[in-house]
């Protein structure tokens, strides 16, 4: 009897520890006239802060760029004005120069939106004003390539179905491909540069069946449609793809699947598409508008805009083989209709919501998965001798960085950021950094390019 009682207590303690680890906490209640909107990509800064943008409901205030400490303090870094543009809903990408890059969906000097550059303290420079000729209305932030240029999409206008563009840090702008015909239409999502160096993306509409496509494009503009959504495998993909550590691509759709409530899908490098989960619109949610996050435990995490216990969205986890679990049900008082999601290098998930909270302007929240800190880096790959930026915590002048076991030269080190050089003899694999609290491992493998 005593053995059974002890075993029962051990089970209760283990369950309690699991429930404690997987906890939801509101860090910020947005209380201005602005609130996050999709896609609202969140970026981690060199200083360990989390930054994004949010449009404003007030007619005379186009929106803001804001910063949140991991402890929860909110700072508005920049108030956009109508000359810069309105509806800054896309969020931000961290560049290797330490500055942030993002889109303004609408307005500006030409009325078609813009791409901007922002310093960590909120000084904004407009890099490009879109025109009717280059389609305009950029929805998601561009991403930076190995060579430093940024690549992004513009969603298009009533007479143009969208473009894929390249822009440099000085504002040099090039249209790589103008979508037409069977290419797909209305690209809303951030691109991802895969390990084969191509950029992969999705379109919301168009293609053979009119409900969206998956495409890829090279740095020189060679464009290919890889998959036409067909309803069965999902339809209307708002979000972009991620390439996981297993080499496959993963994504979500807003609609389609068995219940027409959206799906999570996998695409192999040879373009074989498999549905991993069909959403029902009930307890598992519906209306997926943002991309997945591969966390440091190897699982994929995401949110739905609707559904769940309160009908206001869920936070879920899914394995790369399709095992699905709801981790949190959003509800009005603590944030509803979730938008973006990111895993910080401290191990926690962070995200924000469009509505709910004390002022019904949304919240910024943290979700504890019980995962340890790690390091991440940019760019995703490089050659020997190239600089690489590493984000993490606990770095000191005594820290050491290794590329798959080969020690790297450290150029700059700060508590949450270091710049190193890819060492001679390095091969593709994990990056590790020694700190005063132990050794931190990267959340993805670094690719050493020949």
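The values are calculated or read from the model by the stated rules, or taken from the named source; none is laboratory data. Keep in mind it's a predicted model, so treat the numbers as computed, not measured. Here the Cβ is made from the backbone with ideal geometry for all residues, glycine too, and neighbour counts use every protein chain on show.
In segment 69-131, counting only strands (runs of 3 or more DSSP E) that sit wholly within it, the ones holding 3 or more residues that are closer than 29 Å to residue 147 by Cβ span 100-104, 114-118, 124-129. The residues in segment 416-429 that are within 22 Å of residue 396 (Cβ to Cβ), without any contact (Cβ under 8 Å) to a residue 60 or more places away in the chain and not in a strand (DSSP E or B) can be counted, and the count is 2.
Every residue, every condition in (1) assigned by TED's automatic domain parsing to the domain that holds residue 392; (2) closer than 22 Å to residue 357 by Cα; (3) outside any loop (DSSP other than H, G, I, E, B), yes or no:
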residue	(1), (2), (3)
37	no, yes, no
48	no, no, no
54	no, yes, yes
65	no, yes, yes
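In the set (1) within 19 Å of the chain's Cα centre (by Cα); (2) surrounded by fewer than 20 Cβ atoms within 10 Å (Cβ to Cβ), residue 140 fails one condition alone, (2). Looking at 432, 439, just one residue is surrounded by fewer than 16 Cβ atoms within 10 Å (Cβ to Cβ) and either part of a loop (DSSP other than H, G, I, E, B) or not assigned by TED's automatic domain parsing to the domain that holds residue 44 (or both), and that residue is 439.
A quick yes/no check of all residues on (1) over 23 Å from the mean Cα position of the chain (by Cα); (2) surrounded by fewer than 23 Cβ atoms within 10 Å (Cβ to Cβ); (3) assigned by TED's automatic domain parsing to the domain that holds residue 266; (4) not in a strand (DSSP E or B):
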position: 152; (1), (2), (3), (4): no, no, yes, no
position: 170; (1), (2), (3), (4): yes, yes, yes, yes
position: 197; (1), (2), (3), (4): no, yes, yes, yes
position: 209; (1), (2), (3), (4): yes, yes, yes, yes
position: 215; (1), (2), (3), (4): no, no, yes, no
position: 221; (1), (2), (3), (4): yes, yes, yes, yes
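Do you know which residues across segment 308-333 are touching a helix residue (DSSP H, G or I) at 6+ places or on another chain (Cβ under 9 Å) and surrounded by 21 or more Cβ atoms within 10 Å (Cβ to Cβ)? Matches in segment 308-333: 312 only. Here residue 349 passes the criteria (1) in contact (Cβ under 8 Å) with a residue 12 or more places away in the chain; (2) more than 19 Å from the chain's Cα centre (by Cα) except the one numbered (2).
When 80, 105, 100 are checked against the criterion of being out of contact with any strand residue (DSSP E or B) (no Cβ under 7 Å at 6 or more places or on another chain) and either outside the structural domain of residue 341 (by TED's automatic domain parsing) or buried (at least 21 other Cβ atoms within 10 Å of the Cβ) (or both), a single residue qualifies: 105. The test for being part of a loop (DSSP other than H, G, I, E, B) and under 18 Å from the mean Cα position of the chain (by Cα) does not hold for residue 360. Total residues in segment 158-168 satisfying the condition of being within 21 Å of residue 106 (Cβ to Cβ) and buried (at least 19 other Cβ atoms within 10 Å of the Cβ): the figure is 7. Set side by side, the residues 388, 384 differ, and just one is farther than 30 Å from residue 331 by Cα, not in a strand (DSSP E or B) and not assigned by TED's automatic domain parsing to the domain that holds residue 72, which is 384. Going through (1) outside any strand (DSSP E or B); (2) on the phi < 0 side of the Ramachandran plot; (3) not assigned by TED's automatic domain parsing to the domain that holds residue 310 one by one, residue 394 falls short only on (2).
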